[in-house]
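Down below is the structure, laid out as structure tokens.
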Amino acid sequence: MNKKSNIAEKVFSRRCFLAGAGSVAAATSIAGCSDDTVPAPIPETSPYSDIDILNFALNLEYLECEYYLRGATGAGLSAADAGSGAGTVTAPSGGPVTTGNALYTDFINEFSQSEVAHVRLLQKTITSLGGTPISRPTIDLQTAFITLATTAGISNAATFNPFSSWNNFIVGVAIFEDIGVTAYTGSAPLISSAAVLDAAAGIQAKEAYTGALARTLIAAGASGVGADTTTLTNANLLIATINKLGMADGSTAGGAVQINSGVTNGALGTATGSSITLTPADSNSLAYGRTPNQVLHIAYGKSSTGVYSSGGFFPNGLNGTIKTTTT
Amino acid sequence: MATQETTQLDSIIANRRALIAAGSAAMAGLAVTAFAGKVYAQSYTDTDILNFALNLEYLEAQFYTLAASGVTADQGPGNPISLGSGAGPVITKGTNNYASCKVPFTNPLVQAYALEIAYEERNHVKFLQSALSTSAVAQPALDLYNSFMGLGAQLTPSQPSFDPFSSDAMFLLGAYIFEDVGVSAYHGGAELIQDKINVLAPAAKIHAVEAYHAGLVRTTLYTLDPDGSKGYLGLASSMSKVRATLDGTSSSSTGTDDIGLVTPGSTTVTLEGASGSYPATTQVNADQVNYLCPARTPAQVLSIVYAGGAGKGGFFTNSLNGTIK
């Protein structure tokens, strides 16, 4: 099975579906394809085991968990959930986030619970596959944010604390979820087991639901007469910075789209015909996928090129097999 | 309509999900041995699956374009779509008075969402048509009038005149009907796709976009009705129950595959405290244990979009086009 299908031949005779996402080392001819490109062979096996991919994802879930839990309770994962020999977490003080809105507090609680559930689910799944789930790596939610904020040029970058306000916190949610969606989307074709793909797709969708929540609330907050557009501006600056970091592997788009909100003046005219663009998608309205390499560049926050094993949110690197950038 | 193959696939996918939820050590052996043969011994080609998705995208493109712009999708602003040779009619209120379908938006944000989603769904139609080339099916006959009233009559409280084109809130409820189902359809379809590189990769991307749409709709319903007093949350939750009943999972031992919008704070989560009790929402349509968004088999999706009809009905007057119907 997995022989080239008629669809594959038609696809490659027309356009490239995979620019910048989901590609594997063996199929480098996919990049830069044109109408005359010879279809690339479909790799029979993934370069990564399902256990490797799940442990890679588990690193990101630990990161999201430490972030969301502090937003909800002011404290992070329990020692039991973090795993034996877990790394430390450095975070600014300030959680739980003061939202001033019971609905928003409830949202934070809901998606914090979902991330705890995902950490536990991935640990169980890896164990049931005969693998060893990684423990939480050393995580930094303090300097990493300040560095990103400074590079992005957002207001008050030097003291940016994601837990000091709802506006700061929701921006962090937006960028983490974009990263999560693109990571799971890009990993989908690399998964071998249908059962693992089922679970991964279930998490991918959840990340997108939450990403939509963040984008919707940020855009809505910037709309209307007299609205404060600072949060929207900050979010877009950070998204652009993340994009640049994720441009490894020849990607030009980076993998996420800024939030356009022109509703205040009611003008139409963006590409979609709407004054708003909430969904991060390409010109075909397909979401982006990122390769593990692209995700690592973002996680380590140094540059889109170069070989790194640590940095940014992970001062000692991710745990597990997939932890070093390849270019 | 469920065939023997779809019933077998239903069983496989339902069992896989149950095993993952239970975290059973036996899942490893099953995933590698017992399931491996069954997953590949299926009767759907990737073409069948993409055409199945295309039918659903035609439906969404028409609904959103009519709601946002008062025209059918082949007249959609910016990116009109081709409906294919022999396309079926689109039944709407006012005896197909398409202009009357444009929602009289009072909330500019909701109007903007409608325009954006409509544009993106039309793009999905075009993308799938391009991927399928001469194998792409045409749009089947669609009903965007009797279908909504029929589903509305099953809600609590009953809405036998349900018209999603009548207001911002009703539009969002109409969108609610489609988006979660679309997400679960792509999720279920993903597991059936054989070509991982050329078909699964873009399908996963459309899956993500549908989830962004669903999340946008659910978030907005919550912000417009934060304590449930307007009834929007109740109607959405009732719609989730109707969907779960139609697809046969409302009394499933592994849990319903459709989570409504609970009144904020009426459910609590424990987070990391053994006795923690934090008020929460259900903005994500996910099971409340592992927080995985559900997958539906094609048969389950059909049971919903046919609104209980056998082999046709509901939104698809004369069934879908293509193999999976």
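So the values come out like this:
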| quantity | calculated |
| --- | --- |
| Which numbered condition residue B:279 misses (of (1) within 7 Å of another protein chain (Cβ to nearest Cβ); (2) surrounded by 19 or more Cβ atoms within 10 Å (Cβ to Cβ); (3) of a type outside the set (S, T, N, Q)) | (2) |
| Complete set of residues in the stretch B:42-87 that are part of a helix (DSSP H, G or I) and more than 22 Å from residue B:214 (Cβ to Cβ) | B:46, B:47, B:48, B:51, B:74, B:75 |
| Condition check for residue A:145: more than 30 Å from residue B:227 (Cα to Cα), outside any loop (DSSP other than H, G, I, E, B) and not small (Gly, Ala, Ser) | yes |
| Residues of the stretch B:130-148 that turn out to be in contact with a helix residue (DSSP H, G or I) (Cβ under 7 Å, 6 or more places away or on another chain), in a loop (DSSP other than H, G, I, E, B) and in contact (Cβ under 8 Å) with a residue 60 or more places away in the chain, as a count | 5 |
| Filtered residues of the stretch A:49-78 (kept if polar (S, T, N, Q) and touching a residue at least 40 places away in the same chain (Cβ under 8 Å)) | A:49, A:55, A:59 |
| Elements of type helices (runs of 4 or more DSSP H) in the stretch B:157-270, at least 1 residues being within 16 Å of the chain's Cα centre (by Cα) and at the interface with chain A (Cβ under 8 Å from one of its Cβ atoms) | B:168-190, B:201-224 |
| Selected residue [outside the structural domain of residue B:56 (by TED's automatic domain parsing) and at pLDDT below 95] from B:280, B:274 | B:274 |
| Test: residue in the stretch B:211-228 that is β-branched (Val, Ile, Thr) and farther than 16 Å from residue A:217 by Cβ | no |
| Condition check for residue B:100: more than 14 Å from every other protein chain (Cβ to nearest Cβ) and not in a loop (DSSP other than H, G, I, E, B) | yes |
| Test: residue in the stretch A:118-134 that is under 26 Å from residue A:219 (Cβ atoms) and assigned to a loop (DSSP other than H, G, I, E, B) | no |
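For (1) modelled with pLDDT under 95; (2) on the phi > 0 side of the Ramachandran plot; (3) facing chain B (nearest Cβ under 7 Å), each residue gets a yes or a no:
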{"site": "A:106", "(1), (2), (3)": "no, no, yes"}
{"site": "A:110", "(1), (2), (3)": "no, no, yes"}
{"site": "A:127", "(1), (2), (3)": "no, no, no"}
{"site": "A:164", "(1), (2), (3)": "no, no, no"}
{"site": "A:192", "(1), (2), (3)": "yes, no, no"}
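The values are calculated or read from the model by the stated rules, or taken from the named source; none is laboratory data. Since the structure is predicted, the reported quantities are computational estimates derived from the model, not experimental observations. Backbone-built Cβ (ideal geometry, glycine too); neighbour counts: all protein chains shown.
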